[in-house]
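Working notes for the structure below.
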């Protein structure tokens with residue numbers, strides 16, 4: 001940074017606003033994260049409550065729920081992802097425009113939650129798509145979802161537009177397509193996408 | 001040039017054109033230069049509800065739907081006129097009654113014609 005933090009604050013006191021293109025860009029992006037409008041299970045009820053007047057997600061610029069993945073920036077996996085639904089969720093994620101973010105809301109979206117042992121329940125959506133924020137809870141309270149959004153905003157704010165650690169959407173070589181799983185004989189195939197989720201070693 | 005009576009019109013026309021085209025041009029510029037393009041086959045697919053689209057969007061609808069809609073109009077229009085007719089019935093003269101009956105008969109005739117043509121059978 002050409003201007004150091006102290007000088008910037010000092011100039012701000014004098015009424016001179018100094019910013020960088022990166023800060024301005026990230027400020028704009030983090031304050032208008034439009035979620036995609038879809039709910040999977042009971043967590044969706046909490047998600048709906050979060051958008052309503054009492055919790056008022058609009059305070060953070062994320063009230064515009066888009067019914068099309070083309071217009072959405074953030075996917076809230078609100079509830080149990082069944083193996084029947086998982087391909088659709090992954091396809092919708094693929095159809096969202098970059099930059100895109102994912103919040104895994106609740107125990108089910110993270111790991112399968114109370115239904116983990118179910119034959120039809122996906123044990124965490126992070127097997128197929130990269131998740132930015134996980135929020136535990138069954139279901140998480142609306143405050144927790146707001147916390148997740150604020151965490152995501154902080155993450156967006158800290159992203160560098162250039163350099164090696166730049167986010168995926170600015171890196172031409174980075175992976176952008178996450179294969180959609182298909183229904184196999186016993187499970188989804190593949191059971192996880194490579195590079196997204198490290199398969200844990202089961203020691204028996 | 002400024003003395004030309006069409007000068008102000010030309011200026012306004014140019015401004016109006018710019019007003020319409022500038023946002024389009026900006027959007028195009030933004031999409032071409034700044035937006036991070038990461039296209040892939042899934043993203044470029046046509047359907048947007050998570051499911052893959054099947055078949056063709058160019059399908060034919062049965063013409064029977066349209067015939068039914070048109071015949072529905074017989075009853076629809078009839079109801080609109082029948083209600084005021086029924087309300088004012090006691091105060092009506094003979095000629096008004098006759099005119100109304102002719103009107104109803106015309107509609108019934110249309111229905112009978114459609115019936116005879118076999119439009120009412122859904123096949």
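Every number in this text was worked out from the coordinates using simple rules, so none of it is lab data. Since we're looking at a predicted model, the values are computed, not measured. Here the Cβ is made from the backbone with ideal geometry for all residues, glycine too, and neighbour counts use every protein chain on show.
Of the residues A:33, B:33, the one with the fewest other Cβ atoms within 10 Å heads the list, and the complete ranking is B:33, A:33.
Say we join alpha carbon atoms closer than 10 Å with springs in a Gaussian network model of chain A; which of A:59, A:70, A:30 then has the biggest fluctuation? Largest GNM mean-square fluctuation: A:59. Oblate is the label for segment B:63-117. Its Cα gyration tensor axes, ordered a ≥ b ≥ c, give a/c of at least 1.5 and b/c at or above a/b. Segment A:1-79 gives an Rg/Rh value of 1.18, both radii derived from C-alpha positions and Rh following Kirkwood. Percent of Cα-Cα pairs more than 20 Å apart in segment B:22-123, please. Percent of Cα pairs beyond 20 Å in segment B:22-123: 68. Comparing mean-square fluctuations of A:93, A:128, A:55 from a GNM of chain A with C-alpha springs under 10 Å, the top value falls on A:55. The alpha carbon centroids of segment A:56-129 and segment B:75-96 are separated by 60 Å. Of the beta bridges in the protein assembly as shown, as assigned by DSSP with both residues counted there, near 25 percent are antiparallel.
Normalised by the number of residues in chain B, the average gap of Cα pairs under 8 Å and 6 or more apart makes the relative contact order 24 percent.
Taking chain B as a Gaussian network of alpha-carbon nodes connected by springs under 10 Å, the highest mean-square fluctuation of the residues B:103, B:19, B:72 belongs to B:19.
How far, in degrees from 0 to 90, does helix A:142-157 lean away from the longest principal axis of the Cα atoms of chain A, to the nearest 10? The two axes meet at around 60 degrees. Using C-alpha pairs below 8 Å separated by at least 6 residues, the relative contact order for chain A is 20 percent.
Estimated from helices alone, the mean residue ellipticity of chain A at 222 nm is -8500 deg cm²/dmol (sum of -39500 (n - 2.57) over DSSP H runs with n ≥ 4, per residue). Over all directions, the projected convex hull of the C-alpha atoms in the protein assembly as shown averages 37.1 nm² in area. As I understand it, the value is the acute angle between the Cα axis of helix A:21-30 and the longest principal axis of the Cα atoms of chain A; what does it come to in degrees, rounded to 10? The angle comes out at about 40 degrees.
Each of A:36, A:105 has some number of other Cβ atoms within 10 Å of its Cβ, and from fewest to most they run A:36, A:105. Ordering A:98, A:164 from the fewest to the most neighbouring beta carbons within 10 Å gives A:164, A:98.
What is the angle, in °, between the Cα long axis of helix B:7-29 and the longest principal axis of the Cα atoms in chain B? Nearest 10 is fine, range 0 to 90. For B:7-29 against chain B, the angle is about 80 degrees.
When the alpha carbon coordinates of segment A:34-159 are projected onto the principal axes, the ranges are 40, 29, 27 Å, largest first. Counted over segment A:34-159, the DSSP beta bridges are approximately 10% antiparallel.
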